[in-house]
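The values are calculated or read from the model by the stated rules, or taken from the named source; none is laboratory data. Worth saying up front: this structure is predicted, and the values here are computed from it rather than measured. Neighbour counts are summed over all protein chains in view; Cβ atoms, including those assigned to glycine, are modelled from backbone coordinates with ideal geometry. Just the protein is used for accessible areas: all its heavy atoms, side chains included, with ligands, DNA and RNA removed. Shrake-Rupley method; radii C 1.70, N 1.55, O 1.52, S 1.80 Å.
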Amino acid sequence: MNFQQLDEMEIATNVSKISQFVTNFRENNLLIGDRLRDSSKLVLAQNDFPTTRHESWKYTRLTKLSQLSLTTTEKINSPVSVPLKSPHVISIVNGNIVDVPSIPGVNVFRLSECSEKQLELVGKHISIENDVFQALNTLYLKDGLIIEIQENQQINDAIQLIFETQESSIFCPIRIIIVGKKSSKAHFFQHFSGKGTGLTLPVFEYFLEQNAHLKVDKIQMENDESFHIATDQVHQERDSYFKINTITLSGKLVRNNLNILVDGENCETNLNGSFLLHDGQLVDNHTIVDHLKPNCNSNELYKGVLNGKSIGVFNGKVFVRPDAQKINAFQSNANVLLSEDASMNSKPELEIYADDVKCSHGSTTGQMDEEAIFYLRTRGISDKSARALMTQAFIGDVLNQIDSEEVRSYIESKLIEIHGWTI
Amino acid sequence: MIKINNLHASIDGKEILKGLNLEVKAGEVHAIMGPNGAGKSTLSSVLAGREEYEVTEGSVDFEGIDLLELSTEDRAREGLFLAFQYPIEIPGVSNVNFLRTALNEIREYKGLDPISAKDFMAMVREKSALVELDSKLASRAVNEGFSGGEKKRNEIFQMAMLEPKLAILDETDSGLDIDALRIVANGVNQLKSPANATIIITHYQRLLDYIIPDFVHVLFDGRIVKTGTKELALELEEKGYDWIKDEFSTVG
Ligand SMILES: Nc1ncnc2c1ncn2[C@@H]1O[C@H](COP(=O)(O)OP(=O)(O)O)[C@@H](O)[C@H]1O
Ligand SMILES: [Mg+2]
């Protein structure tokens with residue numbers, strides 16, 4: 001059977017996968033406004049799960065996901081384990097917000113307690129059109145948060161957002177809106193873990209006001225059966241700084257949509273990612289950096305290591321709009337295939353409509369340098385540790401972009417735990 | 001220490017070593033000279049266990065062990081060291097991190113506890129001083145951005161750290177100026193002991209002014225065709241290899 005036939009079968013049996021999928025979910029009554037609610041419903045009525053015929057899902061097959069029978073739960077089984085020392089912990093268990101701490105310099109609101117006016121931020125820069133996952137999130141998310149860093153406030157300790165799935169077969173949509181007020185500074189640590197099959201569907205919306213400074217470290221380490229479809233939508237105003245490091249250590253299928261609108265002059269944007277895949281995993285990073293205004297810098301570095309029968313996808317778009325002169329935009333994606341069964345689909349895309357810009361992109365996918373492995377082995381290092389050293393060195397470029405020493409060593413410890421590295 | 005007997009090895013079906021014999025005893029320094037393409041690097045690669053080479057005949061006894069049965073890493077753990085003719089650059093892997101891993105895996109093989117961080121760093125300082133390797137280079141990525149001379153000194157630094165029984169230096173002197181040559185030779189001499197041995201593969205007699213060999217061998221067309229003392233090296237330097245070629249070329 002070829003792929004074409006497979007796709008047609010998918011279409012034939014697809015008729016109402018979405019409506020089946022949502023049977024056990026209850027629509028929320030958040031004050032998100034009729035327009036957003038109605039358009040979400042319309043999207044779900046008129047669309048089904050995307051197939052590989054959709055350009056942006058070309059390599060990411062959702063058949064298994066669409067066949068899941070999921071429920072939602074109010075249950076919070078046990079307290080979460082907290083990776084970092086910082087006291088600022090927001091835990092979200094099975095999609096339920098456990099508690100909302102008070103953090104000096106920060107306002108935190110539950111979406112369920114927000115006015116319609118406050119909720120105007122929901123989906124502000126996201127196009128919901130034909131996007132079933134945005135629609136699913138919007139209609140079925142039980143609650144979410146607006147986290148507002150107050151003007152001129154610098155929050156030194158990381159704000160930890162700890163997402164844990166403690167039950168199998170559950171659907172966890174969540175929405176976190178982060179507002180960096182003028183000249184504020186904060187570091188967010190997102191951590192996803194959990195057990196069992198299920199779908200985690202988080203949407204993050206970041207609003208960086210003038211001169212705001214936000215760093216985000218996103219650690220995805222659910223499990224070999226879990227599905228995770230994340231959206232991080234960023235809006236930057238002038239003089240702002242945004243950096244996100246996305247580290248994917250586990251998951252059956254992980255899709256990250258990272259969209260950054262650089263909508264002010266003199267902004268800096270850094271997006272780095274690393275993924276380590278073993279047999280049976282798929283990680284798909286779709287990123288968009290959209291330069292709307294002049295005099296900005298963006299840097300993107302994604303590195304992947306693929307083992308066993310795993311699939312990696314990288315699609316990185318950079319737009320430089322006509323008025324956005326003097327842009328420096330760099331993008332690079334490099335991958336190492338550790339097995340013959342692994343495959344990587346990498347597509348960097350630059351669309352430049354301004355003439356005075358410096359942009360570059362590059363994509364490489366290769367094997368491990370066997371000469372280097374031999375060299376290390378002649379020094380008494382086993383084949384396995386030689387490969388581990390080389391892999392760590394390879395993704396080291398990305399890990400070194402993480403400014404927090406604590407986060408870095410946490411990730412290194414997880415690498416040993418999950419990928420059995422001996423270093 | 002090592003006894004190579006009638007060694008035949010080929011790559012891609014082409015025979016390169018054609019019945020090579022060599023014995024090196026503890027405490028000795030042997031020099032191997034020979035024209036380009038004679039098979040000198042092939043010999044060191046085969047001894048180190050490079051998998052592309054197929055040994056078709058012969059044996060190698062290393063301290064009573066059948067060397068050819070061991071994996072590359074176990075050969076190193078048994079005390080064999082190869083200084084590469086062309087050291088490999090390994091971006092992102094720091095010299096010290098990799099040497100600590102190597103030392104500890106060798107120690108584990110011997111049933112010893114890992115070396116403490118303090119002892120390790122003291123050792124790095126001592127051994128890098130021995131080859132006048134800037135301690136900054138010791139913590140940089142392996143050979144990345146090193147000059148030719150620095151790469152060669154880094155090989156000797158690694159040798160000093162790992163304290164092998166038998167070191168094979170494959171043209172470590174090629175491309176070195178006199179100062180670098182002196183440093184490398186000095187390092188090798190200081191590490192010499194009655195318990196270990198060195199095989200120096202070289203093109204140039206001048207290295208042998210600094211490291212006095214007990215024996216000089218000529219490797220030609222996959223075999224050791226002549227053995228002598230350091231005077232043989234002088235003779236080769238003077239007369240080149242043509243007379244060897246004339247004398248030993250296999251017809252056809
Ligand atoms: N991968 C290879 N395939 C075929 N022939 C090779 C390969 N590598 C080396 N050789 C040949 O083996 C011979 C010996 O090479 P080498 O051992 O490097 O010589 P030396 O170090 O003495 O200069 C040369 O003729 C070289 O061309
Ligand atoms: Mg050679």
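Scanning chain A for GluC sites (Glu not before Pro) in DSSP loops with at most 10 neighbouring Cβ atoms within 10 Å leaves A:75-339 as the longest stretch between them. Stretching B:GLU69 away from B:THR56 to a fully extended chain increases their span by 3.4 nm, per 0.36 nm per residue minus the current alpha-carbon distance. For the range A:3-263, the carbon plus sulfur part of the accessible surface works out to 46%, probe radius 1.4 Å. Using a cut-off of 31 Å between Cα atoms, the listed pairs A:LYS358/A:LYS384; B:LYS25/B:LYS127; A:LYS185/A:LYS252; A:LYS58/A:LYS185; A:LYS384/B:LYS127; A:LYS185/A:LYS414 include A:LYS358/A:LYS384; A:LYS185/A:LYS252; A:LYS58/A:LYS185 as exceeding that distance. In loop segments of the range B:197-252 as defined by DSSP, there are no GluC sites (Glu not before Pro) with at most 13 further C-beta atoms inside 10 Å of their C-beta. Under a model in which nothing but the beta-carbon of Lys, Arg (+1) and Asp, Glu (-1) is charged, the range A:92-219 shows a dipole of about 200 debye around its Cα centre. If the cut-off is a Cα-Cα distance under 22 Å, which lysines reach A:LYS41, setting aside same-chain residues fewer than 8 apart in sequence? Of all the lysines, those that pass the test against A:LYS41 - Cα under 22 Å, at least 8 places apart if same chain - are A:LYS17, A:LYS117, A:LYS124, A:LYS142. Our summary gives chain B a relative contact order of 27 percent, counting only alpha carbon pairs under 8 angstrom and 6 or more residues apart.
Under the combined filter of DSSP loop state and at most 16 neighbouring Cβ atoms within 10 Å, the range B:79-169 retains none of its chymotrypsin sites (Phe, Trp or Tyr not before Pro).
For B:LYS226, the aspartates and glutamates whose Cα falls under 15 Å of its own Cα, not counting residues fewer than eight places away in the same chain, are B:GLU23, B:ASP214, B:GLU235, B:GLU237, B:ASP242, B:ASP246, B:GLU247. Summing Cβ point charges (Lys, Arg +1; Asp, Glu -1) relative to the Cα centre of the range A:3-263 gives a dipole of roughly 260 debye. Can you give me the Cα centroid spacing of the range B:170-239 and the range B:77-153 in angstrom? The two parts, judged by their Cα centres, are 23 Å apart.
If the cut-off is 19 Å between C-alpha atoms, which lysines fall inside it for B:LYS14, apart from same-chain ones fewer than 8 positions away? Reachable lysines: B:LYS40. Each of A:ALA393, A:ALA372, A:SER413 was scored by the projection of its Cα onto the charge dipole of the range A:370-423, and the greatest displacement toward the positive side belongs to A:ALA372; charges sit on the C-beta of Lys, Arg, Asp and Glu. Measuring r between the beta carbons of A:ASN295 and A:THR23 and using R0 = 60 Å, the FRET efficiency lands at 0.75.
How would chain A be classified by its alpha-carbon gyration tensor: rounded, prolate or oblate, with rounded meaning a/c under 1.5 and the a/b versus b/c comparison settling the rest? Because its axes are fairly even, with a/c under 1.5, chain A counts as rounded. If R0 is 25 Å, what FRET efficiency do you get for A:GLN150 and A:SER127 from their C-beta distance, rounded to 0.05? Once rounded, the FRET efficiency stands at 0.25. Projecting the Cα positions of A:PHE109, A:HIS191, A:PHE227 onto the charge dipole of the protein assembly as shown (unit charges on Cβ atoms of Lys, Arg, Asp and Glu, taken about the Cα centre) puts A:PHE109 furthest along the positive direction. For the protein assembly as shown, the Cβ-based charge dipole about the Cα centre amounts to some 1180 debye (Lys, Arg positive; Asp, Glu negative; other atoms uncharged).
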